[in-house]
Structures are given as structure tokens and as C-alpha cells.
Amino acid sequence: MKRRDALQRVALMMGGVVSAPTLVAILDGCKSNTSTTASGFSFTKDYQSLVSEIAEVIIPKTDTPGAKDAGVGPFIELMLKDCYTEEQQIHFMKGLDTVEAESKKLGSNFVALPAEKKSEVLKIMIEKAKEEGEANNKAKQVDSESGLVKENTSKKVEPPVPFFRLMKELTVFGFFTSEPGATQTLDFVPIPGRYDGCIKMEPGQKAYAI
């Protein structure tokens, strides 16, 4: 299976857990060089290290591979370059700037902080993402008859996904569709047999790779 196919299946499996722009980016096939992407996007070396370090805090190496082992940092950079709008790219970079600003309040840049302070910084980013998400939701309205949330028609452009939410989404996608993530963390079946709609799971059994 090609990695693009794996990405699409993970996106469908997670459904509403991920943001709409991420679903669109993955299900649309990640076409580069379109009018909605900025071809010159890239991280500096410092920010390449920063993104990899944040991903490693989200999925650390234990008895199974971590985010760095799976190459999640370069994956995130490629996804942002090929699949997201320039507005989202700029928003993500501002999020990285904020991570560094909050880290320096605790003594140094993020990569050099001890583990407990890294977690403290990411908790701050989680709260900021929550606040931003709530602010974005105010641009939506509820249908009085169905009770469903609908987009405010006066807002033509989807607001960018909050930095840390997108960071987590791409970390999960990158890790579980990588070879280390799929084969060493999940129960990988290289040649699947027949389809069984209901099978017994043994205690401690890993989830199956898609």
C-alpha cells in the first residue's frame, strides 16, 4: 500500500476527530504546486529541530519507536508545503514562534528545556489552541430547526486550524502511516487474509495497522 493510501484511510477512520482542513488536504491527494499552496515554504534548520522535538514529546520513544524514529518532523514540513494554504503555513509558523517565546520564559529554547518544562510549554499551547478554537466557533451559527452547527455565510474563508491541534494531527498521521509506526507500534499484517467483521481481541493486543 502506498503511504498516500494509508493517510487517506487513517483520515477516514478518525473522521471528526481531525479538523476539516486536514481531512480536505489528505483526501484531496496532497496535490502540490496549486493555487492554494506556497511552493517556497520550508522550515529553517532550527525550526526543523523544533518541530521534530515537539512531535517527540507528543509520541516519545519507549519500548516502541518515537516520532523522531518515524521521521515525523520532515513529514510535517512536507505536508504543510504540499497540502496547506499559505495562510495555514503562516499561522503554523507563528505557532512555532509562540512555542519559542514561551520556552524562553522558562529559561531557554524548547529543544534545550528539560522534559518537565517542555510539557509545561505544550500545556500552554494546548490552552491557546482551545481558546482559538472557541473563538473560531463564534463565527458559526446553529440552525434553529435541526440544532446543527452551520457555517456563517458571511465568513467565506475557513479560519486556520489552531497551531497545536494541527501539530498533533500531523504527528499522529505521520507516525502511524510510517513504517516504524505501522510495523512496530501496531499489529501489522503484511498480507491480509479474508475480511472478518467481528473478531476477538486478546488482552494487550495492539490495534491493527491500516
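This table checks each residue for (1) of a type in the set (S, T, N, Q); (2) surrounded by fewer than 18 Cβ atoms within 10 Å (Cβ to Cβ); (3) farther than 22 Å from Gly181 by Cβ.
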| residue | (1), (2), (3) |
| --- | --- |
| Phe43 | no, no, no |
| Pro65 | no, no, no |
| Met79 | no, no, no |
| Tyr84 | no, no, no |
| Glu87 | no, yes, yes |
| Ile90 | no, yes, yes |
| Leu96 | no, no, yes |
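Can we say Met93 is in a helix (DSSP H, G or I), under 19 Å from Glu131 (Cα atoms) and of a type outside the set (Phe, Trp, Tyr)?
Taking the combined requirement at face value, the residue satisfies it.
Taking Val172 as the residue in question, decide whether it is under 25 Å from Cys83 (Cα atoms) and at pLDDT below 80.
On the way: under 25 Å from Cys83 (Cα atoms): yes; at pLDDT below 80: no.
No, not satisfied.
Can you pull out the residues in segment 159-175 that are more than 16 Å from Ile126 (Cβ to Cβ) and in a helix (DSSP H, G or I)? Spell out how you get there, then give the answer.
In the first step, residues of segment 159-175 are kept if they are more than 16 Å from Ile126 (Cβ to Cβ); the result is 159-160, 173-175.
Across segment 159-175, the qualifying residues are Phe173, Gly174, Phe175.
Kindly check whether there is at least one residue in segment 149-167 that is crowded, with 19+ Cβ neighbours inside 10 Å, among the β-branched types (Val, Ile, Thr), at pLDDT 90 or above and over 20 Å from Lys68 (Cβ atoms).
The first filter runs over segment 149-167 and keeps only residues crowded, with 19+ Cβ neighbours inside 10 Å, leaving 160-167.
Those still in the list that are among the β-branched types (Val, Ile, Thr) too: 161.
Imposing the further condition that a residue be at pLDDT 90 or above reduces the set to 161.
Next, from what is left, pick out any that are over 20 Å from Lys68 (Cβ atoms): 161.
Yes, the conditions are met somewhere in segment 149-167.
Would you pick out the residues in segment 47-89 that are free of Cβ contacts under 8 Å to residues at least 24 places away in the same chain and not in a loop (DSSP other than H, G, I, E, B)?
The first filter runs over segment 47-89 and keeps only residues free of Cβ contacts under 8 Å to residues at least 24 places away in the same chain, leaving 52, 56, 60-63, 66, 68, 78.
Correct list: Ser52, Glu56, Leu78.
Just one of the numbered conditions (1) at pLDDT 95 or above; (2) in a helix (DSSP H, G or I); (3) closer than 20 Å to Thr177 by Cβ is not true of Leu12: (1).
For beta carbons closer than 8 Å, sequence separation of 6+ or different chains, a first residue in segment 118-129 that is surrounded by 15 or more Cβ atoms within 10 Å (Cβ to Cβ) and a second that is charged (D, E, K, R), the qualifying pairs are Lys118/Glu53; Val121/Glu102; Ile124/Glu102; Met125/Glu102; Ala129/Arg165.
The values are calculated or read from the model by the stated rules, or taken from the named source; none is laboratory data. Quick caveat: nothing in here was measured; it's all calculated off a predicted structure. Here the Cβ is made from the backbone with ideal geometry for all residues, glycine too, and neighbour counts use every protein chain on show.
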